[in-house]
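Here is the structure we will look at, set down as structure tokens.
The values are calculated or read from the model by the stated rules, or taken from the named source; none is laboratory data. All values derive from a computational prediction rather than experimental measurement. Please note: Cβ atoms are built from the backbone with ideal geometry, for glycine as well, and neighbour counts cover all protein chains shown.
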Amino acid sequence: MIWNKLVDRCLLFTDAPGGLLKELLKEAEMELANKLELYDSLYTITIPSTTNGAGLYTHRTTAADHNYMKLPQDYIRDISVSHQGRKLKKVSEQEIHRKSDGTLSEGTPSAYAISSDYIIFDTNVSSGDLFVLHYKSRITELSTAKVITVHRYDQANGHIYLDTLLGSALDSTKIYLENQIETLSSGTNATHRQVPGLMDIYRGNKPQQDPSALGVQEMPEIVGSRYTVTAFSASDSMAGSAWTAVDGANAVIFDYRNIAPLIPEQFHTDLCNYAIAIANAKTSPEMYNQYWSQWVLNMDNLVNEAQDRDLIFSIREEI
């Protein structure tokens, strides 16, 4: 659902300005995504080739720690950390042992700790060491792009089929595919239909036939939108006649969040309670209390559902 439709939904319950409601909906999206920890990310930490690698005072060979690095800016919570492919144990900072002179041991790290904005290792790490941090990440105001599936690229007719139902709402946005950027236009999803819960391998991220050739009576195996796009250059995987090489690939839509929320569709209408509540906080305290209570209650329910899903896997790991 695009922002404008969500604003229209909010206007059924409030007379607040549409521009204000849109900004509050975006604020609500960040609150919901970060509270529910919807997004996982991977972050590579490569120890730089400064004098002693990690830490701030790498130029000091004594009386300085060389075992900590800054966490990524969108970090919420760590899930796991590996060093050179080997998973590290998480400990508290006070469990990291020091020698009698107060310095840390040299050698391969076996554990890590999180302290404020930093990740700390139990030994002085070496230049070139590679760590991979798997963590929960937050949406920020700078999060604007969205990864999307390319169902099919029809180079002959200048059409690209994408895994989105936004249709013409994405016209004039940029798509990044195979190190190339083009502009989408003439978007439509009028030819696409969906059978809910269809259990059939005929439907997938790569269509079995050209979507434009599907008969009126035949249900298409993809659900999305078709756009007109200037021909991509014949290079890399699209070199020569191998245009179908990108079918099923990932692409990026720039400025997607200017049009619609980044979070999954099932959470979109939940954002309205937050926007209506905040927009009426000063002029109508009763309305604020009503919709804010609905927002908080729904958030609690969603958090509990997310925790229940994680609990199943936690029990499996213990067993």
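So the values come out like this:
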item	result
Residues within region 5-25 that are closer than 16 Å to W292 by Cα and without any contact (Cβ under 8 Å) to a residue 24 or more places away in the chain, tallied	0
Any hit, region 41-63, residues being surrounded by fewer than 19 Cβ atoms within 10 Å (Cβ to Cβ) and under 30 Å from G167 (Cα atoms)	yes
Which listed residue is among the acidic types (D, E) and either under 30 Å from F267 (Cα atoms) or in contact with a helix residue (DSSP H, G or I) (Cβ under 7 Å, 6 or more places away or on another chain) (or both), from D65, D40	D40
Condition broken by R98, with the remaining ones in (1) of a type in the set (D, E, K, R); (2) exposed (fewer than 14 other Cβ atoms within 10 Å of the Cβ); (3) assigned by TED's automatic domain parsing to the domain that holds G224 satisfied	(3)
Residue that is nearest to the chain's Cα centre (by Cα) [pool: residues in region 146-188 that are of a type in the set (F, W, Y) and buried (at least 18 other Cβ atoms within 10 Å of the Cβ)]	Y161
Top-ranked residue of region 193-229 - restricted to ones that are of a type in the set (S, T, Y) and either at pLDDT 75 or above or under 19 Å from L177 (Cβ atoms) (or both), ranked as surrounded by the fewest Cβ atoms within 10 Å (Cβ to Cβ)	T228
Leading residue by the ranking (farthest from E27 (Cα to Cα)) among those in region 289-308 that are among the aromatic types (F, W, Y) and touching a residue at least 24 places away in the same chain (Cβ under 8 Å)	Y291
Selection count, region 38-62, where residues are in contact (Cβ under 8 Å) with a residue 40 or more places away in the chain and either part of a strand (DSSP E or B) or not β-branched (V, I, T) (or both)	14
Residues satisfying the stated conditions in region 109-136, i.e. out of contact with any helix residue (DSSP H, G or I) (no Cβ under 9 Å at 6 or more places or on another chain) and in a strand (DSSP E or B)	Y112, Y118, I119, F121, N124, L130, F131, V132, L133, H134, Y135
Some residue of region 68-87 being part of a loop (DSSP other than H, G, I, E, B) and over 30 Å from A260 (Cα atoms)	yes
Only listed residue being among the charged types (D, E, K, R), surrounded by fewer than 12 Cβ atoms within 10 Å (Cβ to Cβ), under 16 Å from K26 (Cα atoms) and at pLDDT 80 or above, chosen from E286, E265	E265
Number of the condition not met by F232 [criteria: (1) touching a helix residue (DSSP H, G or I) at 6+ places or on another chain (Cβ under 6 Å); (2) modelled with pLDDT of 80 or more; (3) part of a helix (DSSP H, G or I)]	(3)
Filter result for S185 (closer than 25 Å to Y43 by Cα, in contact (Cβ under 8 Å) with a residue 24 or more places away in the chain and either not aromatic (F, W, Y) or not in a strand (DSSP E or B) (or both))	no
